[in-house]
Amino acid sequence: MRDGGSGGAQDDPAAPLDESDQTRSGPAAPEEDDSQDIDGEAEGSAAAATQDGGGSTAPPVEAPRPSEFQVFYPDVHIDIDYESEEARASVSGSLAPHHRQVYIVEASAGQEFRAELEAPSGVWLDVRKGDQVLLSDIERPRLVEGPLPADGAWRVSVVSTSSETAHYTLAVEMMPPRPVVYLTFDDGPHPTHTPEVLDLLGRYDARATFFVLGRLAERYPELVQRIDDEGHTLANHTWNHENLDGMSRSAFDDTISRTQEVLGDRAAPCLRPPYGALDRNTRGWAAGHGLDVIMWDVSGADWLDITATEIAGRVLNRVADGSIVLLHDGGGNRSRTVRALEMILEGLSERRMRSEPVCLPTSEVP
Ligand SMILES: [Zn+2]
């Protein structure tokens, strides 16, 4: 449509998208390479390491707040109260050459954690549960992040391949709940762009709300079905993008009802007014149809003549926990929105933000 003006500025590399790249500090080159031996002697070494370090270096406990922290031998147990929003424990110790110290952490499934080791080179982290290796010392990490694999005990080992006694500090942290963002897409479904949006959302395990036009939902039932099948929600954006400001009651009832009928029981009980235009009747009339009016607080402004990078920047510079983000999968050529969406999803993922539908069908509300 109006793609001429900003041509040269497309995908401006200077745009301020990338703020958080601090989690990847590649492990230093190993000094020795005999970690296979270490793995084999796990249990014996654990006991030995504890005795070596034992009496004098029984891990001093910095009482984490507000959780409990307990130490047992020969393995060291780290108990963290998962009810709290955030829990952190750290231990320090000494490790004899070619030994390992095993810490046991009692875990809830799915809780995200972070284990970080400060130690000289040649000392590494190994995280596993039962036979499941979450991250092994083969990869020689100093920092392990991820969701806990399952309920029960998991093991964080500090492994030394060094030929000298090593002093280390291990910090284990339970991450606070991930912030949520509500992505919304208006004006679809669109035969080209809606599938592109759905593909991207699926790749990033993100869920969104699609405020569809009844007219297009009727024309593309397979897209409506796919949106529903993939865990997103569908809600009302009027039949044909009418302006609700100043609309008569009968016209309002008509455009809303026809759209609700096409969506059927897949419809979430929400209405997004086209152009964000309301008058003093709109909310009350919507409530008469069982619908909440849902606006937004962050807009990609993807209807403007701006680049994909600018669209993404607008969103990523403004989103916070609980933000409702306005984007469009229909109403014109949305290829820039699709490119922006990939950057947005990447940026949200770097910030540990998850995307959920802002509206759920009544049948799915607990
Ligand atoms: Zn719209």
Please find, within the range 289-301, the residue that is surrounded by the most Cβ atoms within 10 Å (Cβ to Cβ) out of those that are outside any strand (DSSP E or B) and touching a residue at least 24 places away in the same chain (Cβ under 8 Å).
Gly300
Would you mind listing the strands (runs of 3 or more DSSP E) fully within the range 72-166 where at least 2 residues are touching a helix residue (DSSP H, G or I) at 6+ places or on another chain (Cβ under 9 Å), over 22 Å from Arg354 (Cβ atoms) and at pLDDT 65 or above?
87-95, 100-107, 123-129, 152-160
I'd like to check something: does the range 216-232 contain any residue that is under 19 Å from Asn333 (Cβ atoms) and either surrounded by fewer than 17 Cβ atoms within 10 Å (Cβ to Cβ) or at pLDDT below 95 (or both)?
yes
If I ask for residues that are over 17 Å from His232 (Cα atoms), among the small types (Gly, Ala, Ser) and buried (at least 22 other Cβ atoms within 10 Å of the Cβ), which ones from the range 302-356 would you list?
Ala308, Ala312, Ala340
Could you say whether any residue in the range 288-308 is over 17 Å from Tyr182 (Cβ atoms), at pLDDT below 95 and either within 13 Å of the ligand (Cβ to nearest atom) or basic (Lys, Arg) (or both)?
yes
Would you confirm whether or not the range 241-252 contains a residue that is assigned by TED's automatic domain parsing to the domain that holds Gly331, surrounded by fewer than 23 Cβ atoms within 10 Å (Cβ to Cβ) and touching a residue at least 40 places away in the same chain (Cβ under 8 Å)?
yes
Among the candidates Gly188, Gly202, residue that is exposed (fewer than 15 other Cβ atoms within 10 Å of the Cβ), closer than 30 Å to Pro274 by Cβ and under 32 Å from the mean Cα position of the chain (by Cα):
Gly202
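The values are calculated or read from the model by the stated rules, or taken from the named source; none is laboratory data. Note that the structure is a prediction, hence the values are computed from the model and not measured. Every residue, glycine as well, gets a Cβ built from its backbone with ideal geometry; the counts of neighbours run over all protein chains shown.
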